[in-house]
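Here is the structure we will look at, set down as structure tokens.
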Amino acid sequence: MSHHGEDGPGTRLPEGVPPLRPRGLSRMIRVPRLPGHGPWRHRLNKLFYVAAVVGTGVSLWAYWLTYTDVRDRAASEDEIATVCDGLVDAEAAMDLRGGVVRASVSAGDQDGPPFDARPDTCIVDRMLEPGRSDDLVVVAVRRSETVTPLLVVGDEVGNEPFGSRDDRGRLLDDPTRLADHAEPHPLGDGSLGDRSDNSVTIRAACPSGEPTALEVTATARYDGVSDEDRRILAVLARGTMEEAAARLRCAVRLPHLPARFEAPGRALGAPTSARTSCAWYGRHLGATASGRLPDRMLEPPTAPRSGKETCLLAVSPAAVRGMTPQLPWDSRKYVEGALTYSPWWMRTASVFGAGTASVGYGDRRQYAYLGPGTAGGEKDHGVWWASSVCDGQPALHTLTVSFTYDDVVLDRLPALFRAYVDDITRRRGCTDVTFPEPSAFTARR
């Protein structure tokens, strides 16, 4: 006997067996059914179905976006590995700024012959959209035997501590309150290298052959670099150093990275507060009248095995105004610049070990190298240097003075420089100290 019902013609289910649901969307999406009867039940059920379909579409769209992001990131990492020839950890580079999805890469020879027939510099930019990008990171491999010294001293372009960052425009009323970047802080005991607020430099001394010294610097080219970003920069620099050293047959064993990468300070303070690399200057001021000498300093910590140690000194606007009446007329023309766009500053920097083979002054047209065991001065470049031997290794000790300031303090420089060299050679246990002749501090006519 045939019966017609919701289960189809000619079909009658046994007692207790539930009816089958139509195959389709309701089988794929579990939608709650409202109890009861009437138009409201029908409308709400339709609403549930629509919401389920929309939710499924949104989920599929999110999945597609995730898939394209993963695909694009993988393609960018492949491009970094190819363009930079495997020297740079592509995954680490893409982790900067909280994680980058798309990047563009360029590379080039920094100076002199290519690095082992490969680029010396790898530049990675963050792609925001087609045709638009912003800066991310540059990783540079530098050797001692190249056209440009590893450490350029003197008042040369690029050495200025004030005025190059975008935030300087807000500080023209007090240009020496805040340095563009922190002075280099040692990594651990200093034997591995140092870090600034936006960069990490790893150093290695090659035991034989060339290069004598090797440096890798990873620099974030954006503001707001976080502690995690600095850790990633350190990973990038150390990894690139290991790869570069292996290719150049520079047999080195690199120490481990430190665990923490807090932001080094950029604010200058009073010399009386100096405790580390500028402590010598506070004592020097205490023993003599300050006169026209700097009244501000920025010091990094010291470390027993640092390959490089610096101290930044500068003159505040108040001090510039205070000394102006005593300045000769030919120096007063620089006062306006000292108060705004060309502040007065000086920096001491010492280099120990293999790095002394590559310290010089000048520019790309012509660099002059400072030889270990020598001493002298070049007022035209605002640089004076002494040398010593520390732990059986050569050391160079330099003083740079900004070019509009050197005439103002020239008569004070011999005593100041000697105080600095005496302090650092005593702290580091150095011998065979060689100072420049007094004539090196004489103004040229």
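Assorted remarks:
- Residues in the stretch 107-122 that are modelled with pLDDT of 90 or more and surrounded by fewer than 20 Cβ atoms within 10 Å (Cβ to Cβ): T121 only.
- Top-ranked residue in the stretch 388-416 [being closer than 22 Å to A357 by Cα and more than 29 Å from the chain's Cα centre (by Cα); ranked as least open to solvent (accessible area, probe 1.4 Å)]: S388
- Condition check for P258 on (1) surrounded by 22 or more Cβ atoms within 10 Å (Cβ to Cβ); (2) closer than 30 Å to T146 by Cβ; (3) out of contact with any strand residue (DSSP E or B) (no Cβ under 8 Å at 6 or more places or on another chain): one failure, at (1).
- Restricting attention to the stretch 275-288, the residues being closer than 26 Å to G188 by Cβ and not in a helix (DSSP H, G or I) number 4.
- Just one of the numbered conditions (1) part of a helix (DSSP H, G or I); (2) at positive phi; (3) not acidic (D, E) is not true of L410: (2).
- Among all positions in the stretch 380-387, there is at least one residue which is free of Cβ contacts under 8 Å to residues at least 60 places away in the same chain and closer than 30 Å to Y341 by Cβ.
- Within the stretch 233-249, being closer than 19 Å to C84 by Cβ and open to solvent by 10 Å² or more (accessible area, probe 1.4 Å) holds for V235, R238, G239, E242, E243, A246, R247, L248.
- Condition check for D423: open to solvent by 50 Å² or more (accessible area, probe 1.4 Å) and not small (G, A, S): no
The values are calculated or read from the model by the stated rules, or taken from the named source; none is laboratory data. Just so it is clear, the structure is predicted and the values come from calculations on it, not from any experiment. Cβ atoms come from the backbone with ideal geometry, glycine included; neighbour counts cover every protein chain shown. In case anyone asks, the SASA skips ligands and DNA or RNA and just uses the protein heavy atoms, side chains included. Shrake-Rupley method; radii C 1.70, N 1.55, O 1.52, S 1.80 Å.
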